[in-house]
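J.: First the structure, which I've put down as structure tokens, then a few questions once you've had a look.
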């Protein structure tokens with residue numbers, strides 16, 4: 001009996017160990033199955049769709065007291081275009097002064113920034129052209145006087161049968177030709193901007209100590225550029241010497257995009273903002289270019305601006321606000337009504353007939369002050385939330 005008992009011990013131990021290992025595996029499988037069953041259980045969080053359809057929001061009477069509505073209706077407005085621009089001279093009042101005669105520069109009489117009057121000397125040139133013109137005029141004066149004196153003598157002799165008629169007529173013709181040459185020589189001096197005092201001295205036969213050519217300002221304004229130096233050789237009609245501009249009025253060249261071009265018209269008022277303290281200026285659109293810039297795809301609108309104190313300088317960078325005089329019409333709602341979704345797309349809340357509030361996507365158009373034009377998404381008579389929209393959105397997300 002003892003042997004049978006001892007012989008049966010190993011099998012009994014093997015029977016006890018095997019079920020224990022099986023139970024461990026079974027428990028693990030049960031745990032996995034349990035987890036799988038929880039994740040797939042209807043109504044669990046993981047089973048819900050990630051995107052939900054927006055539902056209307058219903059508020060209590062107390063909550064509605066904090067909501068302000070706006071009834072959409074067509075309204076008139078004027079567009080405002082905000083852009084940038086650069087300052088330029090008023091080319092109608094600015095000129096490049098070319099050398100009227102050839103020769104080396106002997107003296108400069110002005111510097112950049114100097115204010116000059118029309119006809120004021122700017123530089124002195126040792127010019128052979130000038131000397132030749134003075135000499136030609138002096139000779140033309142003498143020739144014209146002599147020819148006229150001879151013509152008058154022949155005319156008197158002809159009356160007393162002293163000379164033939166043909167000879168008297170020829171003398172009159174010579175006198176007329178000499179006087180024409182005198183006028184041409186005088187016009188040559190005037191075109192060279194010769195000082196009227198010098199011309200009077202030549203006409204009176206008074207000697208001229210030194211014949212010098214003087215470059216004079218053709219307009220009243222400011223010397224904004226000095227392009228020559230003493231000793232420089234000038235070529236008549238081709239060498240630029242100075243730029244003189246009247247800075248009391250300037251042009252601002254504003255960049256207008258294609259989207260804003262229809263809103264800008266001649267005569268529209270504009271405000272020029274320099275960003276330097278309170279230095280702002282008023283102007284008027286005086287010209288709209290007919291050419292599109294191929295690089296920026298914009299059009300230049302020229303704004304004429306009064307410039308007291310010559311504050312605006314060429315190439316200064318400024319901001320420009322142009323207010324259209326032409327009326328536009330559309331559906332406008334306050335900016336406070338516009339909300340944004342997770343994709344940054346605009347929407348508003350519209351009051352429905354049943355008292356709820358529905359989310360409605362809209363398209364934003366032009367912004368007129370604190371209102372947006374809505375080309376699409378709303379119709380006249382719609383009532384949109386303009387105050388309390390964030391609260392309505394919060395309630396919808398609950």
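J.: Would you mention how many residues in region 109-120 are surrounded by 17 or more Cβ atoms within 10 Å (Cβ to Cβ) and part of a strand (DSSP E or B)?
T.: 1
J.: Go through region 81-103 and count every residue that is out of contact with any helix residue (DSSP H, G or I) (no Cβ under 8 Å at 6 or more places or on another chain) and assigned to a strand (DSSP E or B).
T.: Narrowing region 81-103 to residues out of contact with any helix residue (DSSP H, G or I) (no Cβ under 8 Å at 6 or more places or on another chain): 82-99.
Remaining after also requiring assigned to a strand (DSSP E or B): 82-89, 94-98.
Counting residues in region 81-103 that are out of contact with any helix residue (DSSP H, G or I) (no Cβ under 8 Å at 6 or more places or on another chain) and assigned to a strand (DSSP E or B) gives 13.
J.: Taking residue 174, is it in a helix (DSSP H, G or I), without any contact (Cβ under 8 Å) to a residue 40 or more places away in the chain and in contact with a helix residue (DSSP H, G or I) (Cβ under 7 Å, 6 or more places away or on another chain)? Explain how you work it out, then say what you get.
T.: Details: in a helix (DSSP H, G or I): yes; without any contact (Cβ under 8 Å) to a residue 40 or more places away in the chain: yes; in contact with a helix residue (DSSP H, G or I) (Cβ under 7 Å, 6 or more places away or on another chain): yes.
So residue 174 passes the test.
J.: Taking residue 249 as the residue in question, decide whether it is in contact with a strand residue (DSSP E or B) (Cβ under 6 Å, 6 or more places away or on another chain), in contact (Cβ under 8 Å) with a residue 40 or more places away in the chain and under 24 Å from residue 315 (Cα atoms). Before you say what the answer is, go through the steps one by one.
T.: On the way: in contact with a strand residue (DSSP E or B) (Cβ under 6 Å, 6 or more places away or on another chain): yes; in contact (Cβ under 8 Å) with a residue 40 or more places away in the chain: yes; under 24 Å from residue 315 (Cα atoms): yes.
Taking the combined requirement at face value, the residue satisfies it.
J.: Go through (1) modelled with pLDDT of 85 or more; (2) in contact with a strand residue (DSSP E or B) (Cβ under 7 Å, 6 or more places away or on another chain); (3) buried (at least 16 other Cβ atoms within 10 Å of the Cβ) one by one and return the number of the condition residue 237 breaks.
T.: (3)
J.: Let me ask something else. Just to verify a result, which residue in region 342-353, among those that are surrounded by fewer than 16 Cβ atoms within 10 Å (Cβ to Cβ) and in contact (Cβ under 8 Å) with a residue 12 or more places away in the chain, is nearest to the chain's Cα centre (by Cα)?
T.: Our first condition is that a residue be surrounded by fewer than 16 Cβ atoms within 10 Å (Cβ to Cβ); within region 342-353, this holds for 342-345, 352-353.
Keeping just the survivors that are in contact (Cβ under 8 Å) with a residue 12 or more places away in the chain gives 345, 352.
Details: 345: 31, 352: 46 Å.
Step by step, filter region 342-353, then rank; the result is 345.
J.: Give the residue, chosen from 151, 147, 123, 140, that is outside any loop (DSSP other than H, G, I, E, B) and under 25 Å from residue 97 (Cβ atoms). Give the derivation first.
T.: Working: 151 fails: under 25 Å from residue 97 (Cβ atoms); 147 fails: under 25 Å from residue 97 (Cβ atoms); 140 fails: under 25 Å from residue 97 (Cβ atoms).
Of 151, 147, 123, 140, the one residue that is outside any loop (DSSP other than H, G, I, E, B) and under 25 Å from residue 97 (Cβ atoms) is 123.
J.: Kindly provide the set of residues from region 357-382 that are surrounded by 15 or more Cβ atoms within 10 Å (Cβ to Cβ) and in contact (Cβ under 8 Å) with a residue 60 or more places away in the chain, ordered by number.
T.: Those that are surrounded by 15 or more Cβ atoms within 10 Å (Cβ to Cβ) and in contact (Cβ under 8 Å) with a residue 60 or more places away in the chain: 357, 358, 359, 366, 368, 371, 373, 374, 378, 382.
J.: Kindly check whether there is at least one residue in region 367-383 that is in a strand (DSSP E or B), more than 23 Å from the chain's Cα centre (by Cα) and farther than 23 Å from residue 269 by Cα. Walk me through how you get there before you give the answer.
T.: Our first condition is that a residue be in a strand (DSSP E or B); within region 367-383, this holds for 367-368, 371-373, 376, 383.
Those still in the list that are more than 23 Å from the chain's Cα centre (by Cα) too: 371-373, 376, 383.
In the following step, the residues that additionally are farther than 23 Å from residue 269 by Cα were identified as 376, 383.
Looking through region 367-383, at least one residue is in a strand (DSSP E or B), more than 23 Å from the chain's Cα centre (by Cα) and farther than 23 Å from residue 269 by Cα.
Condition check ((1) crowded, with 17+ Cβ neighbours inside 10 Å; (2) modelled with pLDDT of 95 or more; (3) assigned by TED's automatic domain parsing to the domain that holds residue 222) across all residues:
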position: 260; (1), (2), (3): yes, no, no
position: 277; (1), (2), (3): no, no, no
position: 285; (1), (2), (3): yes, yes, no
position: 291; (1), (2), (3): no, no, no
position: 298; (1), (2), (3): yes, no, no
position: 303; (1), (2), (3): yes, yes, no
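J.: Going residue by residue through region 180-197, is there one that turns out to be buried (at least 18 other Cβ atoms within 10 Å of the Cβ), more than 30 Å from residue 218 (Cα to Cα) and in contact with a helix residue (DSSP H, G or I) (Cβ under 6 Å, 6 or more places away or on another chain)?
T.: Checked region 180-197: no residue is buried (at least 18 other Cβ atoms within 10 Å of the Cβ), more than 30 Å from residue 218 (Cα to Cα) and in contact with a helix residue (DSSP H, G or I) (Cβ under 6 Å, 6 or more places away or on another chain).
J.: Hey, another quick one. Would you please name the residue that is nearest to residue 383 (Cα to Cα), looking only at residues in region 305-315 that are surrounded by fewer than 17 Cβ atoms within 10 Å (Cβ to Cβ) and touching a strand residue (DSSP E or B) at 6+ places or on another chain (Cβ under 9 Å)?
T.: Kept after step one, since they are surrounded by fewer than 17 Cβ atoms within 10 Å (Cβ to Cβ), are these residues of region 305-315: 306, 308-311, 313-315.
Still in the list and also touching a strand residue (DSSP E or B) at 6+ places or on another chain (Cβ under 9 Å): 306, 308, 310-311, 313-315.
Details: 306: 47, 308: 50, 310: 52, 311: 50, 313: 51, 314: 51, 315: 49 Å.
Only one residue tops the list, namely 306.
J.: Sticking with this one: Looking only at residues that are buried (at least 20 other Cβ atoms within 10 Å of the Cβ) and in contact with a strand residue (DSSP E or B) (Cβ under 8 Å, 6 or more places away or on another chain) in region 127-141, which one is modelled with the lowest pLDDT?
T.: 130
J.: Then there's this: Does region 94-101 contain at least one residue that is touching a residue at least 24 places away in the same chain (Cβ under 8 Å), exposed (fewer than 15 other Cβ atoms within 10 Å of the Cβ) and under 45 Å from the mean Cα position of the chain (by Cα)?
T.: Of all residues in region 94-101, those touching a residue at least 24 places away in the same chain (Cβ under 8 Å) come to 94-101.
Checking which are exposed (fewer than 15 other Cβ atoms within 10 Å of the Cβ) leaves us with 96.
Cutting the leftovers down to under 45 Å from the mean Cα position of the chain (by Cα) gives us 96.
Yes, region 94-101 contains at least one residue that is touching a residue at least 24 places away in the same chain (Cβ under 8 Å), exposed (fewer than 15 other Cβ atoms within 10 Å of the Cβ) and under 45 Å from the mean Cα position of the chain (by Cα).
J.: If residue 291 satisfies all but one of (1) part of a strand (DSSP E or B); (2) over 30 Å from residue 92 (Cβ atoms), what's the number of the condition it fails?
T.: Among (1) part of a strand (DSSP E or B); (2) over 30 Å from residue 92 (Cβ atoms), residue 291 violates only (2).
The values are calculated or read from the model by the stated rules, or taken from the named source; none is laboratory data. This is a predicted model, so every value here is computed, not measured. All Cβ positions, even for glycine, are placed from backbone atoms using ideal geometry, and neighbour counts span all protein chains on display.
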